[in-house]
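Here's the structure, in structure tokens; my notes come after.
The values are calculated or read from the model by the stated rules, or taken from the named source; none is laboratory data. Predicted model only: the values in this text are computed from it and were never measured. Cβ: placed from backbone, ideal geometry, glycine included. Neighbour counts: every protein chain shown.
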């Protein structure tokens, strides 16, 4: 049985008329711990409010995804999944995209999304990114990404703060990297917290936008950037840009 809980509806966009930007479904059926109704520091209520202000109507899903679930929405948001998606769910998402639906993914850990990412042509690293540049509070897992490509998502931004990101390598031709690490980022394959001589330093992708069929998707390597605790300053601008871009 599909369970939906309506969070909000449309807002006034101009004059006295109401223009809904579309229907957004936040998936909460795959072990997500950080939810749209959670007003705590790690919740996503702030992000939900951003979408609401842009005119989206929001709902949540607590059952496996299928074509019927996705048929009545415009945007699917997958944030912080801990449980893998089945092959039938991935097929439903692919069909949803091919017919013009939009997909927004924020990773907490990559393994539960490997199957879906593979279908999108995304090569995710097998660990979180450590930075040697623009580190925040002496923690190499938290850093400021300053390499940003021109895109509606990066409008009015000089940098974006990340708090534990999974890096991406070069995507397919129909996809574009919007934000990168520095060229001196690395993955701690030996789990010793050190940059060993054999480790490869690499400019990992952090945000990727792409197109599949008639639909678009955007992939963020970190879900913390939109959690209430971190939804401020540049990351708040990023959230507003995201909602505006998807509304258009």
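Overview of values
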quantity	calculated
Among the candidates 88, 79, residue that is in contact (Cβ under 8 Å) with a residue 12 or more places away in the chain and surrounded by 15 or more Cβ atoms within 10 Å (Cβ to Cβ)	79
Test: residue in the stretch 218-226 that is more than 11 Å from residue 162 (Cα to Cα) and over 10 Å from the mean Cα position of the chain (by Cα)	no
Condition broken by residue 186, with the remaining ones in (1) under 25 Å from residue 245 (Cβ atoms); (2) in a strand (DSSP E or B) satisfied	(1)
Unique residue being at pLDDT 95 or above, touching a helix residue (DSSP H, G or I) at 6+ places or on another chain (Cβ under 8 Å) and buried (at least 17 other Cβ atoms within 10 Å of the Cβ) when the list is 70, 97, 42	70
Strands (runs of 3 or more DSSP E) (entirely within the stretch 95-147) containing at least 1 residues that are within 17 Å of residue 193 (Cβ to Cβ)	124-130, 139-145
Among the candidates 224, 185, residue that is farther than 16 Å from residue 107 by Cα and buried (at least 20 other Cβ atoms within 10 Å of the Cβ)	185
Residues that are surrounded by 17 or more Cβ atoms within 10 Å (Cβ to Cβ) and outside any strand (DSSP E or B), drawn from the stretch 148-158	151, 153, 154, 157
Of all residues in the stretch 167-180 being in contact with a helix residue (DSSP H, G or I) (Cβ under 9 Å, 6 or more places away or on another chain) and part of a strand (DSSP E or B), the one that is modelled with the lowest pLDDT	175
Residue within the stretch 6-17 that is more than 23 Å from residue 213 (Cβ to Cβ), at pLDDT 95 or above, surrounded by 15 or more Cβ atoms within 10 Å (Cβ to Cβ) and over 16 Å from the mean Cα position of the chain (by Cα) present	no
Subset tally (residues that are out of contact with any strand residue (DSSP E or B) (no Cβ under 6 Å at 6 or more places or on another chain) and either assigned to a loop (DSSP other than H, G, I, E, B) or under 17 Å from residue 34 (Cα atoms) (or both)) for the stretch 196-224	6
Contacts under 7 angstrom Cβ, first residue in the stretch 41-63 being on the phi > 0 side of the Ramachandran plot, partner part of a loop (DSSP other than H, G, I, E, B) and at pLDDT below 95, 6 or more apart	55/10; 55/11; 55/19; 55/20; 55/21
The lone exception for residue 158 - which of (1) over 21 Å from residue 246 (Cβ atoms); (2) modelled with pLDDT of 95 or more; (3) under 17 Å from the mean Cα position of the chain (by Cα) it fails	(3)
Residue 126 farther than 26 Å from residue 240 by Cβ and touching a residue at least 24 places away in the same chain (Cβ under 8 Å)	yes
Matching option when the condition is assigned to a helix (DSSP H, G or I), in contact with a strand residue (DSSP E or B) (Cβ under 7 Å, 6 or more places away or on another chain) and over 21 Å from residue 245 (Cβ atoms), among 69, 60	69
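Every residue, every condition in (1) closer than 26 Å to residue 28 by Cα; (2) surrounded by 15 or more Cβ atoms within 10 Å (Cβ to Cβ); (3) at pLDDT below 95, yes or no:
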site	(1), (2), (3)
118	yes, no, yes
122	yes, yes, yes
127	yes, yes, yes
140	no, yes, yes
143	no, yes, no
146	no, yes, no
